[in-house]
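Trainee: Before I ask anything, here is the structure I am working with.
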Amino acid sequence: MQKWLLTNPQLHAASIMTANTYGLKGAIKAIADGLDKYKGQPAYIQSIRNQIDDDGNYPDELYQEHKQLFDMAKEIVGTIDSFGRHAAGIVLNTDPIDDVMGTQTVKGWTYPTSQVAMKEIDYCNWTKFDVLGLDNIGLISKTCDLAGLPFLTPDSTDIIDFEDEKVWKSMRESNIGIFQFEGDRAGKILKDLFSDETLSKIRTDVPNVRLIDLLSLANAAQRPSGASYVQAVTEGVSKDNGSKVLNDFLAPTMGYLVYQEQQTQFLSQFCKYTDAKADVIRRGIGKKLASVMDEEVPKIKPAFIKTMVEKYGEDKEHTEQIADDFIQVFMDSVNYGFSINHSMAYSYIGYIATWLRYYYPLEFCTAAFEIWKDDQEKINKIKSFASSHGITINPAEFRKSRGLYYMDKEHNAIYEGTAPIKGNSAQVGDDLYTLRDKEFDSFTDFLMEIYDNSYITHNSQNIPVVDLFKQFDLEHIKQLDKNIKKSDDVSYTFERKLTSINKSKIVSLIELGFFDEFGGSKKLDDVFANFDKNYKPRNKTLANKFKKYHECLEYEQSHEDNSFGTLDMLNNEMKYLGTCRTSDKRMPAKYAYVTSLKVLSNKIRVTLYSIKYGQMTDAFIGKRNWNSAKFQESSLITIENSKVKPKIVLQDGKWEKSPTEKEMWVDQYKVLQTN
């Protein structure tokens with residue numbers, strides 16, 4: 001859609017510029033690179049940056065140790081260091097954009113980008129669109145396809161009950177796949193807001209509250225504009241505005257003035273402005289237009305009092321008492337109000353996905369795997385969700401898997417596809433799936449099907465060379481070579497059908513156990529290496545190909561049937577999948593495979609994979625401890641002693657133990673094998 005807007009010859013359009021500025025962490029890096037004390041020490045600089053939290057807070061001791069660096073860095077915080085483009089913003093005009101505001105080219109984008117930012121475009125009332133592709137829409141669409149449902153929308157009330165308590169309960173239990181609520185903080189907002197206790201409190205004040213309205217409120221509350229009321233909302237505390245009329249007006253948002261549309265409605269219903277003028281005034285206040293601030297704002301309070309008394313029969317003295325507070329609430333909200341057009345749309349997307357997740361978990365998980373195939377963190381969460389719902393996730397397997405994830409309803413299972421495997425593609429899996437019903441006597445015969453589909457043509461009949469190699473001996477094949485050379489009745493044609501499958505793709509699939517029906521993965525790795533080295537598909541002499549084919553076949557038949565060991569399989573999985581899946585119940589619980597390792601200033605952060613239980617755990621190791629027995633990623637260690645300790649968090653500039661957050665520390669370990 002963006003491309004269509006930006007290239008349409010009947011339109012004048014450009015992406016909207018963003019100005020990228022330095023935060024404290026970025027400023028520290030930029031300044032440190034130019035100071036002799038830090039120059040050429042990226043790890044040291046990073047260790048300083050790691051102690052600064054996302055809000056720019058840091059311990060005073062760190063500042064005192066690096067005072068010059070911090071003071072210089074603070075000077076450039078907020079300075080523009082580069083220009084980019086808004087991911088969704090497109091500005092349109094009746095005149096060429098170059099003539100109106102100028103355009104520029106930004107890195108990684110081939111289309112024009114404006115030379116002014118969103119705020120200025122909004123101030124000038126230029127027409128702008130938000131054009132954004134959402135994974136969650138794709139998730140809903142794909143799940144509906146798999147479930148045999150039409151694409152679900154807020155109008156699908158003949159299918160969906162938007163007050164289904166079971167669905168709402170599942171939403172608070174898991175935030176996986178819920179648009180705008182997949183982060184930890186957002187997930188906690190859902191859990192708190194839709195708890196039985198909170199809902200009971202809200203329904204006491206607002207008996208007929210719609211749950212979709214509460215989800216919309218949560219969507220707005222989690223944004224910076226909701227900072228003043230988000231905690232109260234999640235605790236079920238409604239705001240009393242001193243008037244039943246005002247409380248009824250704001251009942252859908254628990255008494256809080258949240259949406260831009262509410263602001264316009266307030267001016268229209270309580271100050272007697274027309275809808276059009278009310279919206280103009282709201283925008284004008286938000287932009288601090290002098291004409292609106294000087295001429296219209298002073299009229300709001302008396303108009304409010306007059307309307308409350310005349311239209312709603314409120315007591316004048318009481319109305320005057322509450323007017324200043326409510327008008328101030330209105331003025332504050334105008335600066336930060338969120339649009340219900342966004343919030344309610346986001347909420348329906350979130351609920352519909354949750355409804356599908358609850359009633360069609362197999363279809364939902366299959367779609368989610370496909371949509372988020374490149375996001376390992378989300379893939380891991382979906383796997384955990386699937387497991388908790390009795391869905392089996394099977395690794396990619398010949399005859400069962402396709403390019404993308406494949407749903408097996410009969411066995412409530414999902415087969416992984418080839419697309420997520422590094423170096424592979426969906427085409428590889430789809431091509432291999434075409435062979436699902438073909439029988440092969442050996443892995444060598446399978447490789448012949450992949451690499452050599454040559455055939456002999458005689459009497460208008462095509463005979464695959466591999467069939468000839470099985471039916472005739474070498475002398476017959478030599479005679480056939482002679483006949484091909486001297487006779488027009490017999491011809492040889494080289495052909496290879498599955499060109500999407502090359503050496504590296506075959507190797508990765510073998511090393512992940514994709515072809516285990518033919519034998520152990522280590523054996524097949526050797527068989528393929530021998531085949532690739534010796535058999536030449538384009539050799540035009542059938543006798544030579546015959547010899548090499550039978551040599552490869554004999555090599556396979558005489559080779560010991562063995563598989564990669566557990567550690568080798570884990571290494572293969574990390575290499576090709578970016579995660580681990582092999583587990584062995586026979587392994588002692590203390591055995592752990594290191595999937596990631598990051599050296600921090602005073603500790604080592606690791607992700608450990610339990611081979612016995614097949615689960616990942618994040619942990620820390622003291623730097624002194626690690627220096628005495630170093631290991632790296634892909635190492636095998638045993639955890640001899642570990643403890644769960646309070647997480648050290650930054651509060652008011654000081655590092656203190658958190659009363660609620662915990663983290664695992666490994667105090668003793670042994671290194672068994674390191675790469």
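The values are calculated or read from the model by the stated rules, or taken from the named source; none is laboratory data. All figures in this text were calculated on a predicted structure; none of them were measured in a lab. Cβ sites come from the backbone with ideal geometry, for glycine too, and all protein chains shown count toward neighbours. The accessibility values were calculated without ligands, DNA or RNA, using every heavy atom of the protein model including side chains. Shrake-Rupley method; radii C 1.70, N 1.55, O 1.52, S 1.80 Å.
Trainee: Write out the trypsin sites (Lys or Arg not before Pro) in the stretch 417-498 meeting two conditions: DSSP loop, and at most 15 other Cβ atoms within 10 Å of their Cβ. Numbers along the way, then the final one.
Mentor: Details: sites: K422, R436, K438, K470, K478, K482, K485, K486, R496, K497; in loops: K422, R436, K438, R496, K497.
Of the trypsin sites (Lys or Arg not before Pro), the ones in loops of the stretch 417-498 whose Cβ has at most 15 other Cβ atoms within 10 Å are K422, R436, K438, R496, K497.
Trainee: Among the listed pairs K142/K505; K37/K623; K39/K422; K37/K422; K107/K422, which are separated by more than 30 Å between their Cα atoms?
Mentor: Numbers: K142/K505 27 Å; K37/K623 23 Å; K39/K422 36 Å; K37/K422 41 Å; K107/K422 27 Å.
Checking Cα-Cα distances, K39/K422; K37/K422 exceed 30 Å.
Trainee: Q673 to S487: extension gain in nm, 0.36 nm per residue of separation minus the Cα-Cα distance? Don't skip to the end; give the middle numbers.
Mentor: Details: separation 186, 0.36 × 186 = 66.96 nm, distance 6.32 nm.
Answer, rounded to one decimal: 60.6 nm.
Trainee: Expressed in whole Å with the largest first, what are the equivalent ellipsoid semi-axes of the stretch 51-131 derived from the C-alpha gyration tensor as the square root of 5 times each eigenvalue?
Mentor: Details: eigenvalues 294, 34, 29 Å².
Gyration-tensor ellipsoid for the stretch 51-131: 38, 13, 12 Å.
Trainee: A117 to D184: FRET efficiency via 1/(1 + (r/R0)^6), r the Cβ-Cβ distance, R0 25 Å, to the nearest 0.05?
Mentor: Details: r = 31 Å, r/R0 = 1.22.
Calculated transfer efficiency: 0.25.
Trainee: Would you mind calculating the relative contact order of the chain from Cα pairs under 8 angstrom and at least 6 residues apart, reporting the percent as a whole number? Display every interim value, and only then the final one.
Mentor: Working: 999 pairs, mean separation 57.8, N = 675.
In percent, rounded to a whole number, it is 9.
Trainee: Subtracting the Cα-Cα distance from 0.36 nm times the residue separation, let me have the gained length for Q376 to L474 in nm, one decimal.
Mentor: Values: separation 98, 0.36 × 98 = 35.28 nm, distance 5.22 nm.
Contour length minus Cα-Cα distance gives 30.1 nm.
Trainee: Distances over 21 Å make up what percent of all Cα-Cα pairs in the stretch 278-369?
Mentor: Values: 2353 of 4186 pairs.
That fraction is 56 percent.
Trainee: Under 23 Å Cα-Cα from K288, which lysines qualify once same-chain neighbours fewer than 8 residues away are excluded?
Mentor: Straight-line reach from K288, under 23 Å: K119, K128, K272, K277, K299, K301.
Trainee: In debye to the nearest 20, how big a dipole does the stretch 96-221 give about its Cα centre with +1 on each Lys and Arg Cβ and -1 on each Asp and Glu Cβ?
Mentor: Values: 13 positive and 21 negative charges, 72 e Å.
Value, rounded to 20: 340 debye.
Trainee: Related question: In square nanometres, what is one fourth of the surface area of the convex hull spanned by the alpha carbons of the stretch 1-55? Kindly include the intermediate steps, with their values, before the conclusion.
Mentor: Values: hull surface 26.0 nm².
Averaged projected hull area, Cα only: 6.5 nm².
Trainee: In addition: Using 0.36 nm per residue, how much length does the chain from A251 to T457 gain when fully extended, once their Cα-Cα distance is taken away? Kindly include the intermediate steps, with their values, before the conclusion.
Mentor: Details: separation 206, 0.36 × 206 = 74.16 nm, distance 8.16 nm.
The A251-T457 span can extend by a further 66.0 nm.
Trainee: Write down the accessible area per residue of the chain in Å², having rolled a 1.4 Å probe over the full set of protein chains. Show your work: numbers first, answer last.
Mentor: Numbers: 34920 Å² over 675 residues.
Heavy-atom SASA per residue in the chain reads 52 Å².
Trainee: Which GluC sites (Glu not before Pro) does the stretch 468-543 hold that lie in a coil by DSSP with at most 13 other beta carbons within 10 Å?
Mentor: In loop regions of the stretch 468-543 (DSSP not H, G, I, E or B), the sparsely surrounded GluC sites (Glu not before Pro) are E495.
Trainee: Report the trypsin sites (Lys or Arg not before Pro) located in the stretch 155-260 that are in a DSSP loop and have at most 15 other Cβ atoms inside 10 Å of their Cβ, or state none.
Mentor: Of the trypsin sites (Lys or Arg not before Pro), the ones in loops of the stretch 155-260 whose Cβ has at most 15 other Cβ atoms within 10 Å are R210.
Trainee: Rg/Rh for the stretch 360-409: what does it come to with C-alpha atoms and Rh from Kirkwood? Kindly include the intermediate steps, with their values, before the conclusion.
Mentor: Numbers: Rg = 10.3 Å, Rh = 11.1 Å.
Ratio of gyration radius to Kirkwood radius: 0.93.
Trainee: Another question, then. Give the calculated FRET efficiency between E551 and A629 to the nearest 0.05, with a Förster radius of 45 Å applied to their Cβ-Cβ distance.
Mentor: Values: r = 48 Å, r/R0 = 1.07.
The computed FRET efficiency comes out at 0.40.
Trainee: Still on this structure, I have one more. Sticking with the crude label model, points 7 Å out along Cα→Cβ, report the distance from T7 to D516 in nm, one decimal please.
Mentor: If labels sit at T7 and D516, their model points lie 4.6 nm apart.
Trainee: For the stretch 425-559, go through all pairs of different Cα atoms, get the mean of 1/r, take its inverse, and jot down that Kirkwood value in Å.
Mentor: Details: mean 1/r = 0.0635 Å⁻¹.
Every distinct Cα pair counted, the radius reaches 15.7 Å.
Trainee: For the stretch 225-277, what number results from the quotient of the Cα radius of gyration and 2.2 N^0.38 Å?
Mentor: Details: Rg = 12.0 Å, N = 53, 2.2 N^0.38 = 9.9 Å.
Ratio of Cα Rg to 2.2 N^0.38 Å: 1.21.
Trainee: Past 18 Å, Cα to Cα: identify those pairs from K497/K522; K603/K662; K482/K540, in the order given. Intermediate results must be reported in sequence, preceding the final value.
Mentor: Values: K497/K522 27 Å; K603/K662 16 Å; K482/K540 12 Å.
Check vs 18 Å cut-off fails for K497/K522.
Trainee: Let me ask something additional. Hey, if you put +1 on the Cβ of every Lys and Arg and -1 on every Asp and Glu Cβ in the stretch 478-628, which of Q615, M587, S601 ends up farthest toward the positive end of that dipole?
Mentor: About the Cα centre, the residue reaching furthest to the positive side is S601.
Trainee: Follow-up question, since we're still on this one. Arranged from highest to lowest average of other beta-carbon atoms within 10 Å per residue, in what order do the peptides 40-50, 130-140, 541-551 appear? Mind dumping the intermediate values first?
Mentor: On the way: 40-50: 14.4, 130-140: 16.0, 541-551: 18.5.
Per-residue Cβ counts within 10 Å, averaged per peptide and sorted highest first, yield 541-551, 130-140, 40-50.
Trainee: State, to one decimal in nm, how far the label point of E317 lies from the label point of S384, with both points 7 Å from Cα in the Cβ direction.
Mentor: Modelled inter-label distance: 6.0 nm.
Trainee: Right, next: On a straight-distance basis, which aspartates and glutamates could pair with K25 in a cross-link, Cα separation under 19 angstrom, same-chain partners fewer than 8 positions away excluded?
Mentor: Excluding near neighbours in sequence, the set is D33, D36, D53, D54, D55, D60, E61, E65, D71, E75, D81, D652.
Trainee: Also: Could you list the residues of the stretch 172-207 with an amide nitrogen less than 11 Å from a label point located 7 Å from the Cα of D54 in the Cα-to-C-beta direction?
Mentor: Counting backbone N atoms under 11 Å from the label point, the list is 183-186.
Trainee: With a 1.4 Å probe and every protein chain kept in, tell me what percent of the accessible surface of the stretch 524-675 is carbon plus sulfur. Before the final figure, lay out each step's value.
Mentor: Working: 3900 of 8620 Å².
Whole-percent figure for carbon plus sulfur exposure: 45.
Trainee: Hull surface divided by four, with the convex hull built on the Cα atoms of the chain: how many nm²?
Mentor: Mean projected area of the Cα convex hull: 42.7 nm².
Trainee: Continuing with this model, one more query. Of the accessible area of the stretch 232-323, with the probe set at 1.4 angstrom, what percent is carbon plus sulfur? Intermediate values should be presented prior to the final figure.
Mentor: Details: 2300 of 4380 Å².
Ligands and nucleic acids excluded, carbon and sulfur give 52 percent.
Trainee: Report the calculated FRET efficiency for R605 and K107 (r = Cβ-Cβ distance, R0 = 22 Å), to the nearest 0.05. The partial results should precede the final answer.
Mentor: Values: r = 31 Å, r/R0 = 1.43.
Calculated transfer efficiency: 0.10.
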